[in-house]
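Below is one structure, written out as structure tokens; comments come after it.
The values are calculated or read from the model by the stated rules, or taken from the named source; none is laboratory data. The structure presented is a predicted model; accordingly, all values stated were derived computationally and were not measured. Backbone-built Cβ (ideal geometry, glycine too); neighbour counts: all protein chains shown.
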Amino acid sequence: MSELTAMTTANGQDRKHTISILVENKFGAFNRIAGLFAAKGYNIDSLTVGPTEDDEISRMTIVTRGDDSVIEQIMKQLNKVINTVKVTDLTYESFVERDLALIKVQTKTDTRSEIMQIAEIFRAKIIDISPRTVTVEAIGSEQKVDAIIKMLKPFGIKELARTGRVALKREFQGEVN
Amino acid sequence: MALQKDGNLNPHNRLMTGAEIFVRSLIEEGVDIVFGYPGGAVIGIYDALHDISDIKHILTRHEQGAVHAAEGYSKASGKPGVALVTSGPGATNTVTGIADAYMDSIPIVVFTGQVALKLIGNDAFQEADIVGITRPITKHNYLVRDVNELAATIKEAFYVATTGRPGPVLVDLPKDVMASKAHFDYPKKVVMRSYNPHVQGHTKQIVKAAELINKAKRPVLYVGGGTILSNASEELKALARKARIPVTTTLHGLGSYPENDELAMGMLGMHGTWYSNTAVHYCDLLIAVGARFDDRVTGNVDAFAAEAKKIHIDIDPSAISKNVKVDVPIVGDVKHVLRDLLPLVQTLDTKDWLQTIKQWKEEHPLRYRNGKHIRMQYVIQRIGEITNGNAVIVSDVGQHQMWAAQFFKYIYPRTHITSGGLGTMGFSLPAAMGASFARKDIPVVSLSGDGGIQMNIQEFATCVEYKIPIKIFILNNGYLGMVRQWQELFWRRRYSQVKMSSPDFVKLAEAYGCPGFRAVQKDEVNDVLAKAFAVNDGPVVVEFKVVKEDNVYPMIPAGMTWKELMDVPDEELKSVKGETPEIEEIMVLAKG
């Protein structure tokens with residue numbers, strides 16, 4: 001889906017990009033990258049960071065938007081940061097992505113079962129329950145998480161925590177039938 | 001006492017404090033001069049420096065002066081400049097100098113003291129988060145948290161500052177780290193998995209560039225500071241002369257190509273020569289060499305050399321296609337790329353093109369009308385004639401800076417030093433001090449306006465104390481001239497806050513303890529210049545009382561195009577305000 005969007009959008013238009021950055025675990029490294037986006041006025045839709053298989057390296061996944069020239073500059077500027085080891089724009093490749101949301105929804109006795117049904121359809125889990133709330137853990141693509149949030153909104157969302165997108169390049173890049 | 005020559009102090013035999021490791025690391029890096037200012041957080045480092053004869057320390061009168069001096073030293077010598085300051089205000093005072101070096105890609109390493117590790121974040125006395133503050137204006141910066149990492153960090157700092165696209169690197173040194181002990185073992189080389197700058201250009205791209213050059217009818221070389229930073233003047237000359245391509249330079253490119261050569265066209269851009277801007281407008285191939293299509297060069301980028309194919313050679317990939325789309329980008333060090341390009345390039349038939357440019361030079365030279373009163377252009381032209389290009393001209397920012405770029409013929413690289421990117425008033429005097437330590441063979445001339453000189457005037461004392469033999473020329477028009485020019489041309493002559501008074505600079509020079517001269521009339525200029533160039537044992541101050549309201553031409557107003565290029569207006573050439581015409585002459589200078 002995402003690579004299709006990337007290919008078909010014309011030049012000069014803003015488009016969502018998922019950029020994966022391997023960065024050294026050094027003092028100030030994350031700040032340098034986040035600060036770069038602020039200093040140059042680039043958008044950040046989401047930013048995640050966490051450890052990788054290599055103790056010295058973390059992976060940041062940044063979802064940003066911009067036209068081709070802005071994205072080109074973002075890639076170049078990220079590469080210029082001394083602590084970055086590798087920068088990949090996943091948008092042009094096939095990639096797997098996940099987003100996790102914890103959604104605390106208001107419940108009444110007559111709505112609880114409906115909420116649980118919705119959670120089930122999305123293969124989400126109920127991880128906490130109280131007389132007035134349930135907390136749903138939803139994992140999936142960004143669109144899937146968007147969709148469950150939209151479905152739960154009418155019940156009243158008390159609190160929401162979302163990780164933002166994490167992504168890896170898909171190893172099998174061929175056509176799948 | 002030379003530490004490294006003393007067997008008893010063999011580093012492998014004993015533990016050393018962080019401060020000693022710091023000093024030894026600088027010696028290992030070949031640093032022989034440090035500009036700095038002590039304070040509480042670096043008192044241990046200054047103690048370790050005290051007996052070291054290998055490193056000369058210059059005590060400036062302000063930390064900003066120390067950083068500009070390090071920049072001036074680096075620009076004149078090609079070596080990294082080093083500044084050392086204390087924590088808190090010492091560190092924050094370096095910010096302007098660091099930003100200046102960042103904009104102009106100058107390799108300097110700034111060492112700042114820091115409060116002890118356990119106090120960081122506590123709002124301790126003289127604490128400032130200088131690593132956070134300077135993150136966007138350094139190429140890279142470090143907080144050293146373990147004395148065992150100190151030597152490797154210093155090695156890496158110098159490596160990062162001087163390689164790739166050079167730039168300032170800051171190293172923050174907490175007081176307790178510098179007091180704790182470790183074995184000193186200076187690394188032989190740097191291994192960084194995250195930083196490997198490209199030096200060689202891509203062969204395919206170089207071949208493509210050569211094909212474009214060989215097909216060109218009206219090529220222009222547009223040469224920037226990258227050519228000087230990579231010491232590629234000889235390679236540039238070889239290419240231009242072999243292929244017969246005219247050369248225009250940016251402000252920072254001045255000196256990379258000899259301006260007495262027929263292919264030279266002087267500077268381009270907002271205040272560039274009429275003929276270089278016109279040549280760029282009509283060229284069919286623009287070869288950008290270590291230049292970054294800065295807005296002061298391009299004006300409206302869409303109309304800049306719009307019809308021309310473009311080749312862009314730059315060591316920084318992010319400089320390419322940042323402002324202007326180019327046909328053939330080449331990422332690599334200018335020296336290497338030009339060397340690889342040369343054998344692939346033919347001698348072009350540019351006779352007609354060069355003839356056209358020659359005609360433009362005759363019709364639209366740099367010119368001004370000289371009267372009884374002194375014009376800055378005249379002073380600068382005279383300095384050029386007296387020194388024959390054998391001087392380092394360190395300009396400040398404003399009108400005189402542009403005239404210094406126009407009316408001095410630069411022949412050798414690293415003879416023109418200025419604050420180009422950031423445009424820092426107050427740069428010239430301390431930068432000239434630094435340059436003076438790098439160039440003892442030729443005169444170093446600091447040019448400032450009355451505004452700029454008052455921004456770092458405290459460095460008079462440094463010049464006197466160390467007998468730094470620079471010529472401090474103050475071109476005093478009683479105005480912030482460039483702002484006044486813009487107010488005149490674009491803000492209906494509403495001169496808001498640009499008129500400025502100054503002290504008696506001659507008396508001030510005397511008060512500081514150095515000779516001071518003044519020229520008020522044009523016929524005094526040669527006399528005071530002769531006196532100033534005769535002083536060789538220390539600084540000399542000369543104030544030139546120059547025409548108050550004068551404008552820099554040619555000019556392309558900001559964001560405009562070649563169509564709006566203004567040559568010197570005819571009325572400017574008719575008479576100087578308030579003077580009788582018979583004593584006037586039109587002074588002309590053409591580059592090339």
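Can you give me the ranges of the helices (runs of 4 or more DSSP H) entirely in the range B:333-389 with at least 2 residues that are among the β-branched types (V, I, T), surrounded by 18 or more Cβ atoms within 10 Å (Cβ to Cβ) and in the same structural domain as B:G255 (by TED's automatic domain parsing)?
Those helices (runs of 4 or more DSSP H) span B:334-341.
Can you list residue pairs whose Cβ atoms sit under 6 Å apart, with the first residue in the range B:124-138 being more than 10 Å from every other protein chain (Cβ to nearest Cβ) and touching a residue at least 24 places away in the same chain (Cβ under 8 Å) and the second being among the hydroxyl-bearing types (S, T, Y) and not in a loop (DSSP other than H, G, I, E, B)? Count only pairs 6 or more apart in sequence or on different chains.
From residues that are more than 10 Å from every other protein chain (Cβ to nearest Cβ) and touching a residue at least 24 places away in the same chain (Cβ under 8 Å), the pairs are B:A128/B:T92; B:I130/B:T112.
Condition check: of a type in the set (S, T, Y), without any contact (Cβ under 8 Å) to a residue 40 or more places away in the chain and within 9 Å of another protein chain (Cβ to nearest Cβ). Does A:S69 satisfy that? Outline the logic, then answer.
Working: of a type in the set (S, T, Y): yes; without any contact (Cβ under 8 Å) to a residue 40 or more places away in the chain: yes; within 9 Å of another protein chain (Cβ to nearest Cβ): yes.
Yes.
Need at least 1 residues that are of a type in the set (D, E, K, R) and at pLDDT 95 or above per element, so show me which helices (runs of 4 or more DSSP H) inside the range B:391-454 make the cut, counting only ones lying wholly within it.
So the answer is B:450-453.
Does the range B:469-490 contain any residue that is closer than 19 Å to B:H400 by Cα, in contact with a His (Cβ under 7 Å, 6 or more places away or on another chain), crowded, with 22+ Cβ neighbours inside 10 Å and at pLDDT 95 or above? It would help to see each step written out before you state the result.
First, pick out the residues of the range B:469-490 that are closer than 19 Å to B:H400 by Cα: B:470-489.
From what's left, in contact with a His (Cβ under 7 Å, 6 or more places away or on another chain): B:475.
Retained after the next criterion (residues that are crowded, with 22+ Cβ neighbours inside 10 Å): B:475.
Imposing the further condition that a residue be at pLDDT 95 or above reduces the set to B:475.
Yes - at least one qualifying residue is present in the range B:469-490.
Within the range B:280-306, how many residues are assigned to a loop (DSSP other than H, G, I, E, B) and either in contact with a helix residue (DSSP H, G or I) (Cβ under 8 Å, 6 or more places away or on another chain) or under 20 Å from B:L263 (Cβ atoms) (or both)?
Summing the residues that are assigned to a loop (DSSP other than H, G, I, E, B) and either in contact with a helix residue (DSSP H, G or I) (Cβ under 8 Å, 6 or more places away or on another chain) or under 20 Å from B:L263 (Cβ atoms) (or both) in the range B:280-306 gives 9.
Please specify each residue of the range A:84-94 satisfying the condition of being more than 14 Å from chain B (Cβ to nearest Cβ), in contact with a Ser or Thr (Cβ under 7 Å, 6 or more places away or on another chain) and within 30 Å of A:F27 (Cβ to Cβ).
A:T88, A:L90
Filter the helices (runs of 4 or more DSSP H) completely within the range B:180-243 down to those with at least 1 residues that are away from chain A (no Cβ under 14 Å) and more than 24 Å from the chain's Cα centre (by Cα).
Qualifying helices (runs of 4 or more DSSP H): B:203-215, B:233-243.
I'd like the full set of residues that are surrounded by fewer than 20 Cβ atoms within 10 Å (Cβ to Cβ) and within 14 Å of another protein chain (Cβ to nearest Cβ), limited to the range B:292-315.
B:V301, B:D302
Which numbered condition in (1) surrounded by fewer than 23 Cβ atoms within 10 Å (Cβ to Cβ); (2) among the hydrophobic types (A, V, I, L, M, F, W, C); (3) within 14 Å of another protein chain (Cβ to nearest Cβ); (4) out of contact with any Lys or Arg (no Cβ under 7 Å at 6 or more places or on another chain) is the only one that B:L119 fails?
(3)
Do you know which of the residues in the range B:109-139 that are among the small types (G, A, S) and part of a loop (DSSP other than H, G, I, E, B) is nearest to B:P89 (Cα to Cα)?
Ranking the qualifying residues of the range B:109-139, first place goes to B:A128.
On the basis of being closer than 23 Å to B:E20 by Cα, part of a strand (DSSP E or B) and either free of Cβ contacts under 8 Å to residues at least 40 places away in the same chain or assigned by TED's automatic domain parsing to the domain that holds B:G39 (or both), does B:Y159 make the cut?
Numbers: closer than 23 Å to B:E20 by Cα: yes; part of a strand (DSSP E or B): no; either free of Cβ contacts under 8 Å to residues at least 40 places away in the same chain or assigned by TED's automatic domain parsing to the domain that holds B:G39 (or both): yes.
Criteria not met by B:Y159.
Quick test for you: out of B:L143, B:L150, pick the one residue that is away from chain A (no Cβ under 12 Å) and at pLDDT 95 or above.
Values: B:L143 fails: away from chain A (no Cβ under 12 Å).
Of the residues listed, the single one that is away from chain A (no Cβ under 12 Å) and at pLDDT 95 or above is B:L150.
Restricting to the range B:316-348, name every residue that is within 14 Å of another protein chain (Cβ to nearest Cβ) and small (G, A, S).
Just the residues of the range B:316-348 that are within 14 Å of another protein chain (Cβ to nearest Cβ), to begin with: B:316-326, B:329, B:331.
Hits for the range B:316-348 are B:S318, B:A319, B:S321.
Given the conditions (1) away from every other protein chain (no Cβ under 14 Å); (2) of a type outside the set (S, T, N, Q); (3) closer than 22 Å to B:R135 by Cα; (4) surrounded by fewer than 18 Cβ atoms within 10 Å (Cβ to Cβ), which single one is not true for A:E114?
Checking A:E114 against (1) away from every other protein chain (no Cβ under 14 Å); (2) of a type outside the set (S, T, N, Q); (3) closer than 22 Å to B:R135 by Cα; (4) surrounded by fewer than 18 Cβ atoms within 10 Å (Cβ to Cβ), the one that fails is (3).
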